[in-house]
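The values are calculated or read from the model by the stated rules, or taken from the named source; none is laboratory data. None of the values given here were measured: they were computed from a predicted structure. Here the Cβ is made from the backbone with ideal geometry for all residues, glycine too, and neighbour counts use every protein chain on show. SASA here: full protein model, heavy atoms, side chains in, ligands and nucleic acids out. Shrake-Rupley method; radii C 1.70, N 1.55, O 1.52, S 1.80 Å.
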Amino acid sequence: MTAAAGMAGPAPAALFRRHPQARILGPDGAGMYDGPALACIPERPPAWALAGVFAAADTGLAFRVGETAAEPAQGAGSFETLTSGSSGMPRRIRRSQASWIASFAVNAARFGIGPGVRVAIPGRLTQSLALYGAIEAVHLGAEAHLLDGLRPDRQVTALRMRQIDVLYAAPAQLRLMLETQVSPVVGLRLIMTAGSKLDPATRAGLALRFPAAEICEVYGAAETSFVTLSDAATPRGSVGRAYPGAEIDLRGPAGAQEVWVRSPYLFDGYAGAAGGARWHDGWLTVGDIGQMRDGFLFLSGRTGRMVTVADQNVFPEEIEAFLLGQPGVMQAAVLPRADPRRGQVLDAVVKGGDPAALLAACRRRLGPLKAPRRVHLVADWPLLASGKTDLAALQGFVG
């Protein structure tokens, strides 16, 4: 089964270029336009880092994210960034600047990003979503407002005071904004988020805090970039329709079909240790399992996280999605632990909610095989630098 969205016109220029109308503004609102060519964006980027990225592109210098090395990144028109590392060590990936520029053109047409538009980026530039949103804004001639370093309440205040139009933020950053006691921001018109699925409580909170904002969720991976896009018309539980220019093919037996994608947005390969992505005849998969219904993609989980319980395959992501829809649950992770009778069983770790009620709800809805055996309540939720849940840290609660 294959789904595709229309291609986005002719191939764009191959290098990041600072649009003459673009502006870069820091946390204090001051302009930051100049900086030397930057071959590496360190973990704590300097104020002029974004300008340095474009200075590097102007000279044909490749750059990398989050690692200082004697050898610069290789290849004019390329750059290196990192996977999220949610299920292991982050992997370094190499991609062409053209692979991001191709989607800039789509977003310019779909969301009106361009000169005069104010785009806010609360994340650090070492995070892929933040780097993408910042480079896109400057390439298309918009204003890039870099808010990393401000407290969440001050970030929300900046959205209002600077009359921001578009917000690029990971779900974890959005939740922090919702925890602040700041009045609604009525001018924001678009929230672009990626990295994990928004839970119903967060989505409802965003509708109250940013009442005029369209909420668009991107499904993809560092290796694939855009695969699907979901919006208000997307059925609950789906990650949306194919992003323009992306083709989706489901391969394998019914109930365990892998999601394969072909698009102009794919990475070139791993720079260093290999990761889990696989290629075949121009198609790429990162091992996600899903199904297509009426043109919408629904995901079950990733093969790398699949757990065998009493000889049956179970995807923790399916259970996590159910838990996130329960009252009071703000975060959820489902992890395996050894069991002498079944080989493995599952435990859930949650932030918020009532453990006893959650166990009962899981047993009613999921049955004895999939339902977690225990629910652990955690107040301080561990996050990776990417904003995703640190599953390795949570494994200690399960044993």
**Request:** Quick one: count up the residues across region 173-223 that are within 20 Å of residue 125 (Cα to Cα), touching a residue at least 60 places away in the same chain (Cβ under 8 Å) and small (Gly, Ala, Ser).
**Result:** 5
**Message:** Of everything in region 368-399, what is over 26 Å from residue 221 (Cβ atoms) and of a type in the set (Phe, Trp, Tyr)? Give them in sequence order.
**Reply:** 397
**Prompt:** Wholly within region 205-263, which strands (runs of 3 or more DSSP E) include no fewer than the required count, namely at least 3 residues that are surrounded by fewer than 21 Cβ atoms within 10 Å (Cβ to Cβ)?
**Reply:** 214-221, 247-251
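Could you tell me whether residue 183 is crowded, with 20+ Cβ neighbours inside 10 Å and not hydrophobic (A, V, I, L, M, F, W, C)?
On the way: crowded, with 20+ Cβ neighbours inside 10 Å: no; not hydrophobic (A, V, I, L, M, F, W, C): yes.
It is false that residue 183 is crowded, with 20+ Cβ neighbours inside 10 Å and not hydrophobic (A, V, I, L, M, F, W, C).
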**Message:** So, in region 78-91, exactly how many residues are at pLDDT 85 or above and either of a type in the set (Phe, Trp, Tyr) or over 12 Å from residue 126 (Cα atoms) (or both)?
**Reply:** 2
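May I ask you to list the residues in region 296-328 that are in contact with a strand residue (DSSP E or B) (Cβ under 8 Å, 6 or more places away or on another chain), surrounded by fewer than 22 Cβ atoms within 10 Å (Cβ to Cβ) and aliphatic (A, V, I, L, M)?
299, 306, 307, 309, 310, 324
Out of all the residues in region 193-201, is one or more under 24 Å from residue 317 (Cα atoms) and assigned to a helix (DSSP H, G or I)?
Yes - at least one qualifying residue is present in region 193-201.
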**Prompt:** Do you know which residues across region 224-243 are over 15 Å from the mean Cα position of the chain (by Cα) and in contact (Cβ under 8 Å) with a residue 60 or more places away in the chain?
**Reply:** 234, 235, 237, 238, 241, 242
**Message:** Suppose the filter is at pLDDT 90 or above, open to solvent by 20 Å² or more (accessible area, probe 1.4 Å) and in contact with a strand residue (DSSP E or B) (Cβ under 8 Å, 6 or more places away or on another chain); does residue 353 pass it?
**Reply:** yes
